[in-house]
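Right, one structure below, let's go through it.
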Amino acid sequence: MAVTVDDLTVAYKYKPVLWDIDLDVPEGIMMAIVGPNGAGKSTLIKAILDIVKPVAGTITIYGKPYRKNRSLVAYVPQKGSVDWDFPTTSLDVVLMGTYGQLGWIRRPGFIEKKAALEALEKVGMLEYRSRQISQLSGGQQQRIFLARALVHNAMVYFMDEPFQGVDATTEAAIVNILKELRKDGKTLVVVHHDLQTVPEYFDWVTFLNVKKVATGPVGEFFNDNYLALTYGSGFKGVMQKKEI
Amino acid sequence: MNVFDYFGLLINDYTIRTISMGTVIMGIVCGILGSFAVLRRQSLLGDAVSHASLPGIAIAFLITGSKEPLVLFIGAALSGLIGTLWIMGIASKTHLKPDTALGIILSVFFGFGMLLLTLIQKMPNANQAGLDKFLFGQAATLIVKDVYLLAAAGGISVAIVIIFHKEFKILSFDPQYAKTLGFNITLLDIVLTSLIVIAIVIGLQTVGVVLMSAMLLAPAAAARQWTNRLGTMIILSALFGAFSGLAGTAVSASMSNLSTGPVIVLIASVLVLLSFLFAPDRGLIIRLFRHWKNRNFLKNEFSAN
């Protein structure tokens, strides 16, 4: 298993955000995490990455705690989580992806720069390397975040809504990169909002609404039954719409 | 004496050289740490720490009976930190917003500090005179020992910023991501915030409690206008701070009865104004011009068709 989550409970103040989650992520899959607003999707990722402290539960990455296997993990946070007016360039943001391997005090050198430029090229942003990041479009900023994760050369990728606020071209480009990663045997866990595209982009799905509703291959699990269980019984599923 | 005489005296006159060195060091340190305060949206921290430091200065004097700068600085820093923690505590534990918490704590600490200063003034002790100088600062009280202290505190701060440049950069831009990479962001946050507090405290003697936050923020706000690189911004901000310190001392030494602190702050503010107006790319004038040019271009396109 690439990631295992056992009995995870997370609470902000008194209200539980995640309740007793068990989740196994097999190696080499592309998993969508879906659920309504406030379902705890981002929190689940943040708990796995040790950003949020859980009330209870254990989490392992390739059999070890996150602390021990950090180098196997890459994280793409939500685009809105940072101030894009920060005085820095695209290349500099991507270089931050190398800081973990560098450790304390050591500065990025030639090797790190080369890796960062390669990552920029992969996401089609090489020509924007010297741009100040506020001058990039939303889609370009998302690609920069993706490049920062690629520079890790990790095994497991956690992405928090990588398609939020990007146009169709960028979305297609990002999907291509994700599929490339999967082809290389990487595991991807993606918080995703657009239910329509789940069967097209992903092969596994996890339904989340504070509790885990279900998890499994898209073909077996992505149906109206689980969508209704996750989003409420009044929910008219995507699958029905497609049949019309 | 005019400003040119001042630069002559800068070389020849011991007192003026000492004071100028003090204000320049203070400007550099504030410029460097202020950059991080501005980028991390901790601007209000400057106001909180400086106002909240006043009772600490008074209490440090009451306990020790000494006006040693180091003693007063420690008192100022401690009480500034307590005030800041209190503000953060109120904001996180109650429904009050941080600005409300800041307004309350800042006034309470400042009021308490004023009360203590009045008490001290009434004490039968010849040594008490001069504590009220911390309100608006008085550069003229800077002596060589103070400058050494400023240089030591400033030098350590600058060294730490240079050594941990990469860490402070990622902490300021994306702290959660930094945490996933394995950096201890709580520790980094404490170190950086403490450095900002030190910058504020070492400026108190020169600029004073009331104007200190402007000294912290103005050089950084001005520098941000001229560059899109963090390193360049920090260096520019340090230069702006140093220039404000030197020019402020020059102007106030040239005209009698002008106190140095306010003049330094005013000069820093003029730098901010000039930067907001004339900076390339981010400046107001170039933006208005660009706007006007684009409109004209579109107008011509339409009329041509």
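The values are calculated or read from the model by the stated rules, or taken from the named source; none is laboratory data. From a predicted model like this one, the values you see are computed outputs, not experimental measurements. Reconstructed Cβ throughout: ideal geometry from the backbone, glycine too, with neighbour counts over all protein chains shown.
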Quick check on region B:255-267. Is at least one of its residues more than 23 Å from the chain's Cα centre (by Cα) and closer than 22 Å to B:Ala214 by Cβ? yes
Out of (1) under 16 Å from A:Tyr75 (Cα atoms); (2) within 14 Å of chain B (Cβ to nearest Cβ), the one A:Ala119 does not meet is (2)
Kindly list the number of the only condition in (1) under 20 Å from B:Ala139 (Cβ atoms); (2) more than 14 Å from chain A (Cβ to nearest Cβ); (3) surrounded by 23 or more Cβ atoms within 10 Å (Cβ to Cβ) that fails for B:Ser79. (1)
Condition met for B:Lys133 (assigned to a helix (DSSP H, G or I), basic (Lys, Arg) and either in contact with a Pro (Cβ under 9 Å, 6 or more places away or on another chain) or closer than 20 Å to B:Val197 by Cβ (or both)): no
Checklist (1) closer than 18 Å to A:Thr230 by Cα; (2) surrounded by fewer than 21 Cβ atoms within 10 Å (Cβ to Cβ) applied to A:His192, failing item: (2)
Condition broken by A:Thr89, with the remaining ones in (1) farther than 25 Å from A:Phe163 by Cβ; (2) touching a Ser or Thr at 6+ places or on another chain (Cβ under 9 Å) satisfied: (1)
If we keep only residues of region B:79-129 that are of a type in the set (D, E, K, R) and in contact with a helix residue (DSSP H, G or I) (Cβ under 8 Å, 6 or more places away or on another chain), then the residue farthest from A:Lys13 (Cα to Cα) is B:Asp99
Go through (1) within 27 Å of B:Gln176 (Cα to Cα); (2) in contact (Cβ under 8 Å) with a residue 60 or more places away in the chain; (3) within 17 Å of the chain's Cα centre (by Cα) for A:Asp203 and report which single condition fails. (1)
Tell me, which residue of region A:123-163 that is among the polar types (S, T, N, Q) and either in a helix (DSSP H, G or I) or touching a strand residue (DSSP E or B) at 6+ places or on another chain (Cβ under 9 Å) (or both) is surrounded by the fewest Cβ atoms within 10 Å (Cβ to Cβ)? A:Ser130
A:Asp7 fails exactly one of the following numbered conditions: (1) of a type in the set (Asp, Glu); (2) facing chain B (nearest Cβ under 10 Å); (3) over 15 Å from B:Lys179 (Cα atoms). What is the number of that condition? (2)
Go through A:Tyr157, A:Tyr226, A:Tyr231 for me and flag whichever is among the hydroxyl-bearing types (Ser, Thr, Tyr) and modelled with pLDDT of 90 or more. A:Tyr157
Residue under question is B:Ile162, and the condition is that it be under 20 Å from B:Ile202 (Cα atoms), assigned to a helix (DSSP H, G or I), among the β-branched types (Val, Ile, Thr) and within 14 Å of chain A (Cβ to nearest Cβ); does it hold? yes
Does region B:166-183 contain at least one residue that is over 24 Å from A:Leu95 (Cα atoms) and either in contact with a helix residue (DSSP H, G or I) (Cβ under 9 Å, 6 or more places away or on another chain) or away from chain A (no Cβ under 14 Å) (or both)? no
Please give the number of the condition B:Ser275 fails out of (1) within 30 Å of B:Leu142 (Cα to Cα); (2) within 14 Å of chain A (Cβ to nearest Cβ). (1)
Can you report the number of residues in region B:134-165 which are among the charged types (D, E, K, R) and surrounded by fewer than 18 Cβ atoms within 10 Å (Cβ to Cβ)? 1
Positions within region A:66-124 being on the phi > 0 side of the Ramachandran plot and among the small types (Gly, Ala, Ser), in sequence order: A:Gly103, A:Gly124
Looking at region A:73-85, which of the residues that are facing another protein chain (nearest Cβ under 8 Å) and surrounded by fewer than 21 Cβ atoms within 10 Å (Cβ to Cβ) is nearest to the chain's Cα centre (by Cα)? A:Ser81
Cβ-Cβ distance below 6 Å, separation of 6 or more or different chains: which pairs start in region A:45-65 with a residue that is over 24 Å from A:Val34 (Cβ atoms) and end on one that is assigned to a loop (DSSP other than H, G, I, E, B)? A:Tyr62/A:Asn69
